[in-house]
Amino acid sequence: MSENAMGSTMVEEQFAGGDRARGFARDFAAHRRKSGALPVAWLERTMRSVGLEVYAQSFSRKLPFPDETHERYMVSGTNVYGILRAPRAASTESLVLTVPCGPDSTNNQAVGLLLALAAHFRGQIYWAKDIIFLVTEHDLLGTEAWLEAYHDVNVTAHSPAPTGMQSSPLQGRAGAIQAAVALELSSDVVTSLDVAVEGLNGQLPNLDLLNLFQTFCQKGGLLCTLQGKLQPQDWTSIDGPLHGLQTLLLMVLQQASGRPHGPHGLFLRYRVEALTLRGINSFRHYKYDLVAVGKALEGMFRKLNHLLERLHQSFFLYLLPALSRFVSIGLYVPAAGFLLLVLVLKALGLWMQLHEAGVGPEEAEAASGPSPPLPPAQGMGLASLVAPLLISQAMGLALYVLPVLGQHVATQHFPVAEAEAVVLTLLAIYAAGLALPHNTHRVVSSQATDRGWMALKLVALIYLALQLACITLTNFSLGFLLAATMVPAAALTEPCGPRPLYAALLVLTSPAATLLGSLFLWRELQEAPLSLAEGWQLFLTALAQGVLEHHTYGALLFPLLALGLYPCWLLFWNVLFWK
């Protein structure tokens with residue numbers, strides 16, 4: 001534990017409200033079935049009865065196109081939250097315990113435990129920070145609405161689609177949020193607690209918060225997992241490192257997706273360290289009740305209560321092969337750096353070739369007297385690069401804008417739903433890029449020579465290297481996956497040589513193929529392999545969810561691929577078919 005304020009103190013957990021938590025959970029489930037939605041009035045009444053300041057926030061949002069995964073389009077709901085004021089300090093800092101409630105989620109036990117913890121915390125006098133107990137409706141949409149209102153911002157107001165969040169202002173606030181824990185329980189009994197750390201656009205919480213969770217799991221004898229996998233017990237044999245590598249690859253794939261893998265992922269955007277804890281009830285013989293989970297949460301909040309400043313001592317950039325081990329940024333960044341070095345050296349080689357071809361006649365003139373001027377075909381031909389660059393960027397812009405804007409036109413002329421229209425338009429524009437060499441050759445001067453494709457490849461290599469470097473700095477996993485697939489093909493591609501082989505390599509390492517392959521690898525690592533038909537269906541769903549999450553939460557994977565990497569990949573496609 002790097003943070004001294006949390007590592008130098010001991011706490012004794014006293015939570016014993018398991019029966020009370022189960023009673024709250026039963027009442028919540030009954031009122032929820034009766035009303036068919038979140039029982040706002042019951043939650044407000046119950047939170048007041050345990051001594052909290054209670055407030056409600058209504059929100060509504062129109063999605064850019066129907067979300068077929070959750071079957072919603074026009075979303076409206078209510079968030080309920082109660083504030084436990086700190087008796088020993090002013091309301092300058094706060095902690096959050098949140099429970100998401102979706103229309104198809106069974107999170108009743110988590111709500112019951114939240115209310116029981118609120119009642120227990122209300123009877124303690126040592127709190128130096130306000131504690132916010134938050135119950136959100138519609139999962140991440142409710143969390144996003146509450147966070148935007150709490151910080152008085154609207155991060156999706158400038159979205160390309162008019163889907164900004166509409167919500168009522170918050171009537172009550174606590175201090176600046178220091179940390180948050182999201183809780184998801186599907187049963188009164190859990191066999192393990194799984195922790196999710198990957199946030200929006202690959203953000204990660206401070207490592208001390210994860211260490212704090214593991215410390216109290218070990219203290220209470222709770223079995224904790226990462227990516228749904230137990231920690232290796234023996235690191236000396238080959239099985240331990242292989243198991244750790246499997247867990248690490250799962251984290252890399254989840255972080256590269258840029259999706260918030262739980263409500264905590266949206267807190268990270270506001271510089272709030274957060275985790276999502278999921279209670280798993282499997283067939284393991286370890287069984288724990290709500291008291292054990294409540295004691296772990298009580299211990300975490302009491303340690304966080306000791307913080308004098310935001311968590312900052314430990315790492316923010318890391319990879320996890322297990323909960324007890326991590327790989328720091330200084331160890332894994334050189335791997336991406338060496339891949340980017342390949343692009344730099346290849347670009348340097350092309351520059352030298354172009355330079356030698358340009359200075360050769362001048363050297364010959366100095367040595368043997370005047371010579372006839374170069375014909376136009378031997379010039380640098382920079383004008384011939386304008387058409388491929390502009391057309392490639394135009395295709396990327398069309399890939400980004402047209403699927404959402406043109407969905408209604410597609411549904412009027414074809415028998416497809418809005419979400420299907422978005423995905424099919426994406427695929428159609430993406431495939432149309434394969435015809436670009438024929439289109440650009442009609443614009444490019446017929447006098448372009450070998451120096452033309454060399455100059456185009458030089459520009460494409462520099463463009464790709466800059467993009468991958470920027471992506472790697474913000475989301476290492478995404479940058480490394482893209483570099484590992486695109487760099488070899490980018491370095492080898494040229495119009496002379498085995499063109500069919502280079503074309504197949506380019507297609508297999510394109511952004512879409514990388515996404516498809518990552519989905520198959522992800523399910524294989526989860527020990528739930530996919531058939532080809534299932535993989536294709538999951539790929540189409542991932543495309544729709546990627547576009548939706550960009551417009552809804554601000555996920556950057558879709559614009560990065562559409563506006564940056566896809567046009568860059570088209571430049572290499574033009575190099576391959578250069579005439």
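The residue that is farthest from Leu556 (Cα to Cα), among those in region 187-215 that are among the polar types (S, T, N, Q) and open to solvent by less than 10 Å² (accessible area, probe 1.4 Å), is Thr191.
Within region 253-264, being of a type outside the set (A, V, I, L, M, F, W, C) and surrounded by 22 or more Cβ atoms within 10 Å (Cβ to Cβ) holds for Gln255, Ser257, Gly258, Arg259, Pro260, Gly262, Pro263, His264.
Where helices (runs of 4 or more DSSP H) fall wholly inside region 233-310, the ranges with 3 or more residues that are under 30 Å from Leu548 (Cα atoms) are 239-257, 264-267.
Listed here are the residues, each with its yes/no results for (1) in the same structural domain as Thr98 (by the TED database); (2) open to solvent by 20 Å² or more (accessible area, probe 1.4 Å); (3) at pLDDT 90 or above.
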{"residue": "Trp235", "(1), (2), (3)": "yes, yes, no"}
{"residue": "Asp239", "(1), (2), (3)": "yes, yes, no"}
{"residue": "His243", "(1), (2), (3)": "yes, yes, no"}
{"residue": "Met251", "(1), (2), (3)": "yes, no, yes"}
{"residue": "Leu266", "(1), (2), (3)": "yes, no, yes"}
{"residue": "Arg271", "(1), (2), (3)": "yes, yes, yes"}
{"residue": "Arg278", "(1), (2), (3)": "yes, yes, yes"}
{"residue": "Ala296", "(1), (2), (3)": "yes, no, yes"}
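Among residues of region 280-294 being over 27 Å from Pro232 (Cβ atoms) and crowded, with 20+ Cβ neighbours inside 10 Å, the one that is modelled with the lowest pLDDT is Leu290.
Residues in region 316-336 that are touching a strand residue (DSSP E or B) at 6+ places or on another chain (Cβ under 6 Å) and part of a loop (DSSP other than H, G, I, E, B): Leu323 only. Going residue by residue through region 31-52, is there one that turns out to be among the hydroxyl-bearing types (Ser, Thr, Tyr) and under 30 Å from Ala544 (Cβ atoms)? No, the conditions are met nowhere in region 31-52. Taking the listed residues Leu38, Leu43, the one that is open to solvent by less than 70 Å² (accessible area, probe 1.4 Å) and in a loop (DSSP other than H, G, I, E, B) is Leu38, with no other qualifying. Among the criteria (1) open to solvent by less than 10 Å² (accessible area, probe 1.4 Å); (2) assigned to a loop (DSSP other than H, G, I, E, B); (3) farther than 24 Å from Gly199 by Cα; (4) among the aliphatic types (A, V, I, L, M), the one Leu343 does not fulfil is (2). Filtering Leu557, Leu521 for residues that are on the phi < 0 side of the Ramachandran plot and surrounded by fewer than 21 Cβ atoms within 10 Å (Cβ to Cβ) leaves a single hit, Leu521.
Would you check if Ala25 is open to solvent by less than 40 Å² (accessible area, probe 1.4 Å) and touching a helix residue (DSSP H, G or I) at 6+ places or on another chain (Cβ under 9 Å)? It is true that Ala25 is open to solvent by less than 40 Å² (accessible area, probe 1.4 Å) and touching a helix residue (DSSP H, G or I) at 6+ places or on another chain (Cβ under 9 Å).
For every residue, the table says whether it meets (1) touching a strand residue (DSSP E or B) at 6+ places or on another chain (Cβ under 6 Å); (2) open to solvent by less than 10 Å² (accessible area, probe 1.4 Å); (3) over 30 Å from Gly23 (Cβ atoms); (4) part of a strand (DSSP E or B).
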{"residue": "Val54", "(1), (2), (3), (4)": "yes, no, no, yes"}
{"residue": "Gln57", "(1), (2), (3), (4)": "yes, yes, no, yes"}
{"residue": "Ser60", "(1), (2), (3), (4)": "yes, no, yes, yes"}
{"residue": "Leu63", "(1), (2), (3), (4)": "yes, yes, yes, yes"}
{"residue": "Met74", "(1), (2), (3), (4)": "yes, no, yes, yes"}
{"residue": "Pro87", "(1), (2), (3), (4)": "no, no, no, no"}
{"residue": "Thr106", "(1), (2), (3), (4)": "no, no, no, no"}
{"residue": "Ala110", "(1), (2), (3), (4)": "yes, yes, no, no"}
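Of the candidates Leu506, Leu540, the single residue that is surrounded by 18 or more Cβ atoms within 10 Å (Cβ to Cβ) and in contact (Cβ under 8 Å) with a residue 24 or more places away in the chain is Leu506.
The values are calculated or read from the model by the stated rules, or taken from the named source; none is laboratory data. The shown structure was predicted, so the numbers you read here are calculated from the model rather than taken from an experiment. Note that each Cβ is placed from the backbone with ideal geometry, even for glycine, and that neighbours are counted across all protein chains shown. Quick note on the areas: whole protein, heavy atoms, side chains included, nothing else; ligands and nucleic acids left out. Shrake-Rupley method; radii C 1.70, N 1.55, O 1.52, S 1.80 Å.
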